[in-house]
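*Asks:* The structure's right below; bear with me while I get my questions together.
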């Protein structure tokens, strides 16, 4: 690509595309939104710098706004990405609980590092039993150690999950999950209620990875939809307004394990006789809470507070329009997802509840559909979900549905 504007991308040959990838859900205001540009320029001009290396006012403003929108969050720490927030969440869980294994769900993605790069997209031949999935390494260079220390759970199967957690309760510090798998396969309410109950009973922390769902299911994320308060929440993507950022938040008692006030951290060369760095959870980063990025993020949230209903409405309109075109041709499909994010899944199955169900879809047809749509100026990563923004409107929806109608007439 060569440039972008609003809901559009332009490649180096000058072709125009309606962008539904939006940098993997990050750009809820579309490309180059004037409010974000103004906020960035105002911060740099007003502050005279784009990096303090010290605490600053925007950290406080963003913190207050996040805690207002996410009642489960009583205190926050800033990171430079959702991946970094995940790393910190795990270290915090280990430190607070005093155990060193985690549980994650099959098909859920939490970043590209060793502890969680297992069973994200495993082949069914390796994936193991449905009710007790195997831990499958997803990359070269991942130490097999993690297969023993990362326990894989089946999504939307409360009975099986409860059995595994009860059996391994003395090993597990936390359960980490995407409340909506991949951003589009929702957890069932009964599953979420049961998972919250069993983790509390067993003394296992519940970590919500809302990097994809934060702000896209509503300003309060998935936890506001399910009315569940996780112990730790991770945010990223949207909250940076197009810039790299991560936020980790949760109950004060959890977060305070990283506060060096009662001891000293690894950079303190004047450690007291009664404390040392090992008594504190280490977390540091020069760019954490970057002022320019927080200015962009606050501007994004301010626009979303005014435009969220518009985004949800246009998403519903597009989903319904696509579904109708398939129905008219007698093709089984669903536009599954919540809020301003969904996926087009081609299948005769009545419901898609987890990773195993997802593997039964008509992938060849979806792939042909995506590449054909690309020739008609509709852009998303092949096989990927659709993300909507405040700048997708009637014009873009009409053009998208026209492209779908044309492509379906050619490939059916």
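*Asks:* Can you say whether residue 109 is in the same structural domain as residue 247 (by TED's automatic domain parsing), under 17 Å from the mean Cα position of the chain (by Cα) and either within 21 Å of residue 258 (Cβ to Cβ) or surrounded by 13 or more Cβ atoms within 10 Å (Cβ to Cβ) (or both), as far as the supplied structure shows?
*Replies:* Against the criterion (in the same structural domain as residue 247 (by TED's automatic domain parsing), under 17 Å from the mean Cα position of the chain (by Cα) and either within 21 Å of residue 258 (Cβ to Cβ) or surrounded by 13 or more Cβ atoms within 10 Å (Cβ to Cβ) (or both)), residue 109 qualifies.
*Asks:* Could you list, in sequence order, the residues of the stretch 32-57 that are without any contact (Cβ under 8 Å) to a residue 40 or more places away in the chain, under 27 Å from the mean Cα position of the chain (by Cα) and within 30 Å of residue 388 (Cβ to Cβ)?
*Replies:* Once the filter is applied, which keeps residues that are without any contact (Cβ under 8 Å) to a residue 40 or more places away in the chain, under 27 Å from the mean Cα position of the chain (by Cα) and within 30 Å of residue 388 (Cβ to Cβ), the stretch 32-57 yields 32, 34, 37.
*Asks:* Take the residues of the stretch 150-190 that are in contact with a strand residue (DSSP E or B) (Cβ under 9 Å, 6 or more places away or on another chain) and surrounded by fewer than 18 Cβ atoms within 10 Å (Cβ to Cβ): which is nearest to residue 337 (Cα to Cα)? Walk me through how you get there before you give the answer.
*Replies:* So the first thing to find is which residues in the stretch 150-190 are in contact with a strand residue (DSSP E or B) (Cβ under 9 Å, 6 or more places away or on another chain), and the list is 150-156, 160-161, 164-165, 168, 171-187.
Next, only the ones that are surrounded by fewer than 18 Cβ atoms within 10 Å (Cβ to Cβ) stay: 160, 168, 171.
Details: 160: 24, 168: 32, 171: 33 Å.
So the residue we want is 160.
*Asks:* Turning to a different aspect of this structure: So which of 325, 369, 281 ends up being over 17 Å from residue 22 (Cβ atoms), in the same structural domain as residue 64 (by TED's automatic domain parsing), touching a residue at least 12 places away in the same chain (Cβ under 8 Å) and in contact with a helix residue (DSSP H, G or I) (Cβ under 7 Å, 6 or more places away or on another chain)? Lay out the reasoning, then the answer.
*Replies:* On the way: 325 fails: in the same structural domain as residue 64 (by TED's automatic domain parsing); 369 fails: in the same structural domain as residue 64 (by TED's automatic domain parsing).
Within the list 325, 369, 281, the selection yields 281.
*Asks:* When the stretch 375-412 is examined, which residues are found to be part of a strand (DSSP E or B) and more than 21 Å from the chain's Cα centre (by Cα)?
*Replies:* First, the residues of the stretch 375-412 that are part of a strand (DSSP E or B): 378-379, 386-387.
Matches in the stretch 375-412: 378 only.
*Asks:* Identify all residues within the stretch 86-119 that are in contact with a helix residue (DSSP H, G or I) (Cβ under 9 Å, 6 or more places away or on another chain) and assigned to a loop (DSSP other than H, G, I, E, B); write none if there are none.
*Replies:* Result: 99, 100, 106, 107, 108, 109, 110, 111, 112, 113, 117, 119.
*Asks:* Answer yes if at least one residue in the stretch 119-141 is in contact with a strand residue (DSSP E or B) (Cβ under 8 Å, 6 or more places away or on another chain) and closer than 15 Å to residue 246 by Cα, and no otherwise.
*Replies:* No; the residues of the stretch 119-141 include none that is in contact with a strand residue (DSSP E or B) (Cβ under 8 Å, 6 or more places away or on another chain) and closer than 15 Å to residue 246 by Cα.
*Asks:* Sticking with this structure for a sec: Going through 88, 60, 69 one at a time, which residue ends up being within 22 Å of residue 235 (Cα to Cα), free of Cβ contacts under 8 Å to residues at least 24 places away in the same chain and in the same structural domain as residue 199 (by TED's automatic domain parsing)?
*Replies:* Only one candidate passes the filter, namely 60.
*Asks:* Residue 247 - would you say it is modelled with pLDDT of 95 or more, touching a strand residue (DSSP E or B) at 6+ places or on another chain (Cβ under 7 Å) and not assigned by TED's automatic domain parsing to the domain that holds residue 404?
*Replies:* Against the criterion (modelled with pLDDT of 95 or more, touching a strand residue (DSSP E or B) at 6+ places or on another chain (Cβ under 7 Å) and not assigned by TED's automatic domain parsing to the domain that holds residue 404), residue 247 qualifies.
The values are calculated or read from the model by the stated rules, or taken from the named source; none is laboratory data. Please read these numbers as outputs of a predicted model, since none were measured by experiment. Every residue, glycine among them, receives a Cβ derived from its backbone with ideal geometry; neighbour counts consider all protein chains shown.
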